[in-house]
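Below is one structure, written out as structure tokens; the observations come after it.
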Amino acid sequence: MDKNLRELSDEELILEFQKNNLEAAFEILVQRYKNPLTNFVFRFLGDYESCNDVVQETMIKVYRYKDTYSSVAKFSTWIYTIAGNLAKTEYRRQRRRNIFTISDYGEDNKPYDLPDESYRPDVATDSGIKDEIIQKALMKVKETYREAVILRDSQGMSYEEIAEILGVNEGTVKSRINRGRAQLQELLKGFSYR
Amino acid sequence: MENDEKKYEKVINTLKNLKEVKAPENFEADLRRRINSEKFSKKERKGFWQNIFVPARLIPSLGLIAAAAVIFFVMDANSEKMDNPFLIEPRVREDLIAVTDYEQLKEEHQKALKKSESLKREKNIPEPKPEQDESKSFRDEKTSGRKEQNRLDNLSTEQDMAKDKGKSEGNIALPESAFAGISDSIQTNVSAEESSDIIADERVTKDELNFRQIQLSPKEQKVVNELKTQVQSLGKNNKTQK
């Protein structure tokens, strides 16, 4: 039974979950999407703990509102839309919180400030440090551009899928991606790419 | 599009090669626990409007409204541009002219009466005979007194009527003709017989009528006389026919 379910597509699994309330189908969907969603949300938020909460919340929403899914759309589009909306809400909440608690941060604890020496190639040698630098630079990209860039370059989605997730047309998606990339390139000026 | 991809090739590759972030190992267990906890504790979540109208949340907004109201009134009281509506004098309509000096009118009327009496004396209007019995003289006195009383009453009713008329027309002014007619009628050349009749009888006399005497030109007088003769001849004809 479980083996057969694993062979089903995402859309078929959610249909099984909708019609027969088969929780095994839901569990398979969770297994399939937990890592991609975690990656997407983490790149957007830059914080692992809140990213984990957001992904869990996304799964709970899928569980609770399974009947609202329509087979017209792709399941991946639907679940990414939910995750994206929750991530944006969380990001705005964090930003508000940072505004109110800005005095709590010391000079060294500024969350998104990049020290100048980090850009130096001799300093940024370790891959872990490089990832951190890129993530910090990504967090400086405008919210709407960042989401589009992550979906395209990190998640490898098509423009059509991204347009559906973001609820805008493909032209807008391309424009946002280009602007996001341009901002990122500007931020990573002097950074030694691998 | 390909140009853009080439332009940002390094950035794209960097993002693609980023280390994949994975969900924690206990992700599914945590999720199951959360789903179960939600299943058993299905709390009814309050709606947006219900949340808004929680009394504690209303306090800041109500405070803000109260402060705004106070500021508004303070600013308004200090502003010189605005006049206090309670201190502005009521506007007077130019089309309304109030005439309330009835006492003056009454005095004029009294004067006119005196004048008419003096006229009567000049024309030797016969006084009531002294040999008449006391009861008759008493009755005459009574009737003349009543007559005076009636005249005054008539004057007051005419004043009231004129007043009402003026009010109904949206104008409080009394028409001058209302009283001018009376005074003019008194000034007319009343014959001795007529004046004695007026005193003796209680019927409606010329004095009580509200009309104006006009000075006619000789031509007009001629026309009037012709008309009179025509009317008289008509009257005679009617009598003969009967």
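The values are calculated or read from the model by the stated rules, or taken from the named source; none is laboratory data. Predicted model, so just to flag it, every value in this text is computed and none were measured. Cβ: placed from backbone, ideal geometry, glycine included. Neighbour counts: every protein chain shown.
The C-beta contact set for region B:1-26 (first residue more than 7 Å from chain A (Cβ to nearest Cβ), second residue assigned to a helix (DSSP H, G or I) and surrounded by 13 or more Cβ atoms within 10 Å (Cβ to Cβ), distance under 7 angstrom, 6+ apart or interchain) comprises B:Glu5/B:Ile12.
Kindly provide the set of residues from region A:12-36 that are surrounded by 15 or more Cβ atoms within 10 Å (Cβ to Cβ) and of a type in the set (D, E, K, R), ordered by number. A:Glu16, A:Glu27, A:Arg32, A:Lys34, listed by residue number. Condition check for A:Lys61 on (1) away from chain B (no Cβ under 13 Å); (2) surrounded by fewer than 18 Cβ atoms within 10 Å (Cβ to Cβ): one failure, at (1).
Note on region A:172-194: residues that are closer than 19 Å to B:Thr14 by Cβ, of a type in the set (D, E, K, R), assigned to a helix (DSSP H, G or I) and at the interface with chain B (Cβ under 8 Å from one of its Cβ atoms) total 1. Among the residues of region B:1-12, those identified as out of contact with any Phe, Trp or Tyr (no Cβ under 7 Å at 6 or more places or on another chain) and modelled with pLDDT under 90 are B:Met1, B:Glu2, B:Asn3, B:Asp4, B:Glu5, B:Lys6, B:Lys7, B:Tyr8, B:Glu9, B:Val11.
Can you report the number of residues in region B:27-39 which are exposed (fewer than 13 other Cβ atoms within 10 Å of the Cβ) and at the interface with chain A (Cβ under 7 Å from one of its Cβ atoms)? Summing the residues that are exposed (fewer than 13 other Cβ atoms within 10 Å of the Cβ) and at the interface with chain A (Cβ under 7 Å from one of its Cβ atoms) in region B:27-39 gives 0. Within region A:64-96, restricting attention to residues that are among the hydrophobic types (A, V, I, L, M, F, W, C) and surrounded by fewer than 16 Cβ atoms within 10 Å (Cβ to Cβ), the residue that is modelled with the highest pLDDT is A:Ala73. Please verify whether region A:13-25 includes one or more residues that are among the charged types (D, E, K, R), more than 27 Å from A:Ile133 (Cα to Cα) and away from chain B (no Cβ under 14 Å). The answer is yes; a qualifying residue exists.
Of all residues in region A:141-171, those being more than 17 Å from A:Leu37 (Cβ to Cβ), buried (at least 16 other Cβ atoms within 10 Å of the Cβ) and away from chain B (no Cβ under 13 Å) number 1. Number of residues in region A:34-56 that are basic (Lys, Arg) and either farther than 19 Å from A:Asn98 by Cα or more than 10 Å from every other protein chain (Cβ to nearest Cβ) (or both): the value is 1.
Inspection of region A:125-137 finds no residue satisfying the criterion of being hydroxyl-bearing (Ser, Thr, Tyr), modelled with pLDDT under 95 and crowded, with 17+ Cβ neighbours inside 10 Å.
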